[in-house]
């Protein structure tokens with residue numbers, strides 16, 4: 001889904017309201033998997 005926006009010229013994305021009991025696991029996953037993949041776009 002993000003690739004279409006990257007292809008259209010967008011260079012920023014916001015992920016908001018990730019919290020509660022799932023915040024730390026999400027941040028770890030984002031740091032290890034999501035962010036590296038987004039940087040390769």
Report summary line: Picked from segment 1-23 (must be at pLDDT 90 or above and assigned to a helix (DSSP H, G or I)), the residue nearest to the chain's Cα centre (by Cα) is 2
Query raised in the report: How many residues does segment 28-41 contain that are part of a helix (DSSP H, G or I) and either in contact with a helix residue (DSSP H, G or I) (Cβ under 7 Å, 6 or more places away or on another chain) or modelled with pLDDT under 90 (or both)?
Result: 1
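Return the total of residues in segment 1-14 being free of Cβ contacts under 8 Å to residues at least 24 places away in the same chain and surrounded by 10 or more Cβ atoms within 10 Å (Cβ to Cβ). Break it down stepwise before answering.
Filtering segment 1-14 down to residues free of Cβ contacts under 8 Å to residues at least 24 places away in the same chain leaves 1, 4-5, 7-12, 14.
Checking the rest, the ones that are also surrounded by 10 or more Cβ atoms within 10 Å (Cβ to Cβ) come to 5, 10.
Within segment 1-14, residues that are free of Cβ contacts under 8 Å to residues at least 24 places away in the same chain and surrounded by 10 or more Cβ atoms within 10 Å (Cβ to Cβ) number 2.
The values are calculated or read from the model by the stated rules, or taken from the named source; none is laboratory data. What you are looking at is a predicted structure, and each value in this text was computed from that prediction instead of being measured. In this analysis, Cβ positions are derived from the backbone assuming ideal geometry, glycine residues included, and neighbour counts consider all displayed protein chains.
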